[in-house]
1. Exposure proxy check: Val121, Val137 ranked by fewest other beta carbons within 10 Å?
2. For Arg42, Arg118, which order do you get if you count the other beta carbons within 10 Å of each Cβ and list the fewest first?
3. Mean shadow of segment 28-75, computed from the convex hull of its alpha carbons, in nm²?
4. Using Cβ contacts closer than 10 Å as the measure, can you line up Arg53, Arg90 from fewest to most?
5. Ranking request for peptides 95-101, 75-81: highest mean number of other beta-carbon atoms within 10 Å first, then the rest in descending order.
6. Which cross-chain or sequence-distant (5 or more) residues have an amide H under 5 Å from the amide H of Leu38, H modelled 1.01 Å from N in plane?
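Only the coordinates and a few stated rules stand behind these numbers; no lab work does. It should be emphasised that the depicted structure is a prediction, and the values quoted were computed from it without experimental measurement. We place every Cβ from the backbone using ideal geometry, glycine too, and count neighbours over all the protein chains shown.
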Amino acid sequence: MLECGDSLLLKAGQQVFGPYDITPGAGHFWKAVGQCKLELPRCRECGCYSHPRQESCQVCYSPELAWQGVSGEGEVYTYSVVYRSTDPARETPHALGFVRLKEDVHLFAELRPWQRVRIGVPVRAAFVGGTGGTMLVFDAGG
Ligand SMILES: [Zn+2]
């Protein structure tokens, strides 16, 4: 868990995706992604999903949160196409953006293929292997 004053910046050569536990629950999230599953914290009181995980529900403030599998289906909420990456090993162009899941939760991830990405386009979670492990991306079809 982070302490006040800790840096969130990654040092050169570190992985850029999981399994990190830099915030409460991040380790669980990335462990599930490593098993090709998408799980998010859900409030046992009101049923709302909270992401990123908080100590309590963002709606009713109940501390009773449990991990639950979600559909992985949603639509592009917003995005950006990256033409010059800070990582020279990264293929460009590629698209990064927020997806709004059917469960009304927003997730940030790479969107593929970048040529098909537009606001409102339906997407589905996909899990791809990378140099740092399994990565969550959203597939826009095609
Ligand atoms: Zn709640």
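1. Val121, Val137
2. Ranking Arg42, Arg118 by Cβ neighbours within 10 Å, fewest first, gives Arg118, Arg42.
3. In nm², the orientation-averaged hull projection of segment 28-75 is 3.5.
4. Least to most surrounded, the residues fall as Arg90, Arg53.
5. Most protected by this proxy first, the peptides run 95-101, 75-81.
6. The list, which skips near neighbours in sequence, is Val70.
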